Amino acid sequence: MNIQRSFSSEQAGVLYLVATPIGNLDDITVRCLETLRSVDVIACEDTRQTRKLLNHFHIDKRTVSYHEHNKEASGNGLLQWLAEGKQIALVSDAGLPAISDPGADLVRDATAAGYPVIPVPGANAGLTALIASGLPTDRFVFCGFMGRENKERREELERLKKYQETLIFYEAPHRIDKTLVAIRDAWGNRRAVLARELTKRYEEFVRGTLDELIEWLREGEARGEFCLIVEGYTGPLEEEEEDLWWRELSVTQHVDQYCEQGLSKKDAIKQAADDRGVSKRDVYNEYHREQDED
């Protein structure tokens with residue numbers, strides 16, 4: 001067993017992971033402020049953004065840039081400072097560092113080298129959105145930002161499709177519509193919540209089905225970073241699927257079976273989609289494709 005323990009001595013540097021507000025500056029904690037005032041240097045995702053926070057609380061500390069595009073060179077410099085015994089605070093633009101940002105790489109390298117890494121907790125956008133979403137909070141999975149390429153996104157959605165936990169995503173305003181459509185097409189019309197401007201004056205939660213959220217977005221303008229909370233899978237479990245009566249049927253046969261029981265074509269497609277845990281659109285398209293082949 002390979003167990004790593006951080007060492008602690010007067011000569012050892014310390015890396016503090018300091019949470020910053022996600023909107024409302026009053027959400028910063030007393031301990032966060034004390035830590036920022038006490039360290040030798042603050043490593044920032046964006047020094048200009050962090051400077052606004054520091055100026056607001058009258059904190060005069062040296063800041064250095066540490067982000068996705070310079071993390072290798074800057075990270076080596078930060079590790080060298082830790083070796084020299086410096087106290088470093090790592091912050092992101094908002095929320096907890098090392099969540100959907102390269103801070104995780106610095107934490108990995110610092111812990112591997114044996115330096116103490118101390119979390120100073122505070123606000124987090126994903127959990128803030130989750131607890132007010134109205135969806136189950138007893139079990140959840142943080143997914144962060146999905147891949148930008150269509151193939152990568154499809155593979156990720158297929159992997160997450162049967163997760164029963166509530167799922168938490170982050171998304172940028174120019175991609176949120178495409179992301180909602182991709183999730184709806186892959187998982188069906190689940191319940192979901194969009195949260196934006198969290199803790200700010202115009203904080204907003206939009207609750208509904210994925211179809212309703214897509215319609216809402218297209219009626220207005222997507223502004224601000226989004227947290228997307230999506231209901232987990234509620235279909236049959238794997239062990240239950242073996243006994244499903246429709247398992248060996250094609251989509252056409254599945255739909256036709258419901259039509260023979262008296263359902264309309266529209267309702268039959270909806271019921272077949274519910275059975276299979278896919279979207280109505282997928283069943284509709286597959287049904288007509290099979291009809292055309294016949």
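The values are calculated or read from the model by the stated rules, or taken from the named source; none is laboratory data. Since this is a predicted model, take the numbers as computed values, not measurements. Reconstructed Cβ throughout: ideal geometry from the backbone, glycine too, with neighbour counts over all protein chains shown. These area figures cover heavy atoms from the full protein model, side chains too; ligands, DNA and RNA do not enter into them. Shrake-Rupley method; radii C 1.70, N 1.55, O 1.52, S 1.80 Å.
Filter region 131-142 down to the residues that are of a type outside the set (A, V, I, L, M, F, W, C) and over 23 Å from ASP27 (Cβ atoms), then identify the one that is least open to solvent (accessible area, probe 1.4 Å).
Result: PRO136.
If I go through region 36-66 residue by residue, how many of them are open to solvent by less than 50 Å² (accessible area, probe 1.4 Å) and either within 27 Å of the chain's Cα centre (by Cα) or within 21 Å of ASP101 (Cα to Cα) (or both)?
Going through region 36-66 one residue at a time, the tally reaches 14.
Going through region 143-200 one residue at a time, which ones are closer than 25 Å to PRO21 by Cα, free of Cβ contacts under 8 Å to residues at least 60 places away in the same chain and open to solvent by 20 Å² or more (accessible area, probe 1.4 Å)?
Passing the criteria: CYS143, PHE145, PRO173, HIS174, ARG175, ARG196.
Would you be able to tell me the number of residues in region 121-171 that are in contact with an Asp or Glu (Cβ under 9 Å, 6 or more places away or on another chain) and in a strand (DSSP E or B)?
Summing the residues that are in contact with an Asp or Glu (Cβ under 9 Å, 6 or more places away or on another chain) and in a strand (DSSP E or B) in region 121-171 gives 7.
Output the helices (runs of 4 or more DSSP H) that fall wholly within region 221-291 and possess 1 or more residues being polar (S, T, N, Q), or say none. Spell out how you get there, then give the answer.
Numbers: elements: 238-241, 251-260, 265-276.
Counting at least 1 such residues, we get 251-260, 265-276.
Of all residues in region 260-294 being within 26 Å of LYS162 (Cα to Cα) and of a type in the set (S, T, N, Q), which is nearest to the chain's Cα centre (by Cα)?
SER279
What single numbered condition from (1) out of contact with any helix residue (DSSP H, G or I) (no Cβ under 7 Å at 6 or more places or on another chain); (2) small (Gly, Ala, Ser); (3) within 24 Å of ASP93 (Cα to Cα); (4) in contact (Cβ under 8 Å) with a residue 60 or more places away in the chain fails to hold for GLY224?
Failing condition for GLY224: (4).
Can you find, within region 208-220, the residue that is least open to solvent (accessible area, probe 1.4 Å) among those that are within 22 Å of ALA273 (Cβ to Cβ) and not in a helix (DSSP H, G or I)?
Looking at residues that are within 22 Å of ALA273 (Cβ to Cβ) and not in a helix (DSSP H, G or I), I get GLY208.
Just the residues that are within 23 Å of GLU225 (Cβ to Cβ) and either of a type in the set (Val, Ile, Thr) or more than 16 Å from the chain's Cα centre (by Cα) (or both), please, taken from region 108-134. Even if it seems obvious, please write down each step before you answer.
First pass over region 108-134, keeping only residues within 23 Å of GLU225 (Cβ to Cβ): 119-134.
The answer is PRO119, VAL120, PRO121, GLY122, THR128, ILE131, GLY134.
Are any residues in region 73-130 of a type in the set (Ser, Thr, Tyr), at pLDDT 95 or above and open to solvent by 50 Å² or more (accessible area, probe 1.4 Å), and if so, which ones?
None; the set is empty.
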